Amino acid sequence: MAREANKLTGVQKAAILFITLGPEASAGIIKRLPEQELQKITYEIANITGVKSEQRQTILQEFIEINKAKDYILEGGIDYARDLLGKALGQQRAKEILDRVTEATQQYRPFAIARKADAQQLMNVISNEHPQTIALILCYMQSDKAGQILSALPEDVQTDVAYRLATMNTTSPMVVKEIEKVLDSKLSSVVRSETTIIGGVPTLVDILNQVDRTTEKNITEGLERENAELAEKVKESMFIFEDIVTIGDIAIQRVLREVDAKELAMALKGCSEEVASAIFRNQSKRAAAALKEDMEFLGPVRLMDVEKAQQKIVGIIRRLDEAGEIVISRGGEDAIVV
């Protein structure tokens, strides 16, 4: 069975791991994955019809072993990890695991020391830099740290940096290298550069989910003035249909008053059981029964039609949030208006 597991790609193994861990344990990991990886893994999950228990056990064991190896390396280095793993698993297995771990860690991420720095310290270093430079650096920072820095910038600079973040796709290694040199002199660090795809709407959305509501509003309004289409993409990405379970029952009831029944039936054809349950429990028994009948009557539907219906409902949620009738929770603290 180990041979069968070794034939799987990393994405397939990740999909089986998440299935094995279950939805609650997997949710916290999945939501932190880059969008591109998440799409690949969710596609695999959707197309897996069955997994043998032996295969699940093999992949889970591999996951545990790799994470142990990483912990040992952090604790005492490669030799320390090799010694402990060798005693526990044998020298050959230990070598296989460490080869995989070191291969992954060799893909060095620029600005590694800046990622370890305190947000305020980093803010002091880069606050006077050009907005394009700040945007590039924030692409490599943890989303919570980048959110703190973005919130601390002057409002006009916030919008400029956010716009550059959302429209950034690739960067020249020479540009990264020059910026690293500046941080090298100020943070006394030595970093290496690599060519990579960074930035874009997902990066900006991840950061905006960590800032306070006032900062988010200032940035999205600024983006609307700069590029309305881009601002719309950002807004759409900040709240998805599955997030409806986070707004609370009273808010869901308010949203349902605005939603067409046929549109709702179509939207629920592609949702999770958790979302469907949240909708049904916030309807009368008669309305819930009628909705279930509408869903059955629809039969097989196209994914694009489901997504279109879901996006319409997301639009209603966003409109009600902007009007102050419901509240979508944010990563930062909401401002209080008296």
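From the list Lys312, Lys235, Lys269, Lys217, which one is among the charged types (D, E, K, R) and open to solvent by less than 50 Å² (accessible area, probe 1.4 Å)?
That would be Lys235, the only listed residue that is among the charged types (D, E, K, R) and open to solvent by less than 50 Å² (accessible area, probe 1.4 Å).
For the structure I just gave you, tell me whether Leu256 is more than 25 Å from Gly22 (Cα to Cα) and open to solvent by less than 80 Å² (accessible area, probe 1.4 Å).
The answer is yes for Leu256.
Go through (1) within 30 Å of Ala146 (Cβ to Cβ); (2) open to solvent by less than 80 Å² (accessible area, probe 1.4 Å); (3) assigned to a helix (DSSP H, G or I) and name the single condition Ala289 misses.
Against the list (1) within 30 Å of Ala146 (Cβ to Cβ); (2) open to solvent by less than 80 Å² (accessible area, probe 1.4 Å); (3) assigned to a helix (DSSP H, G or I), Ala289 comes up short only on (1).
What's the number of the only condition in (1) within 25 Å of the chain's Cα centre (by Cα); (2) assigned by the TED database to the domain that holds Ile326; (3) assigned to a helix (DSSP H, G or I) that Cys271 fails to meet?
Going through the list (1) within 25 Å of the chain's Cα centre (by Cα); (2) assigned by the TED database to the domain that holds Ile326; (3) assigned to a helix (DSSP H, G or I), Cys271 breaks only (3).
Here's the yes/no breakdown for (1) modelled with pLDDT of 70 or more; (2) part of a helix (DSSP H, G or I); (3) open to solvent by 60 Å² or more (accessible area, probe 1.4 Å):
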{"residue": "Arg3", "(1), (2), (3)": "no, yes, yes"}
{"residue": "Gln12", "(1), (2), (3)": "yes, yes, no"}
{"residue": "Phe18", "(1), (2), (3)": "yes, yes, no"}
{"residue": "Glu24", "(1), (2), (3)": "yes, yes, yes"}
{"residue": "Gly28", "(1), (2), (3)": "no, yes, no"}
{"residue": "Arg32", "(1), (2), (3)": "no, no, yes"}
{"residue": "Leu38", "(1), (2), (3)": "no, yes, no"}
{"residue": "Ile45", "(1), (2), (3)": "yes, yes, no"}
{"residue": "Thr49", "(1), (2), (3)": "no, no, yes"}
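Against the condition loosely packed, with under 14 Cβ neighbours inside 10 Å and either within 24 Å of Glu325 (Cα to Cα) or not small (Gly, Ala, Ser) (or both), how does Glu274 come out, does it pass?
In short, yes.
The values are calculated or read from the model by the stated rules, or taken from the named source; none is laboratory data. Keep in mind that this is a model prediction, so the values were computed, not measured. Cβ atoms come from the backbone with ideal geometry, glycine included; neighbour counts cover every protein chain shown. Remember, those area values only see protein heavy atoms, side chains included, never the ligands or the DNA or RNA. Shrake-Rupley method; radii C 1.70, N 1.55, O 1.52, S 1.80 Å.
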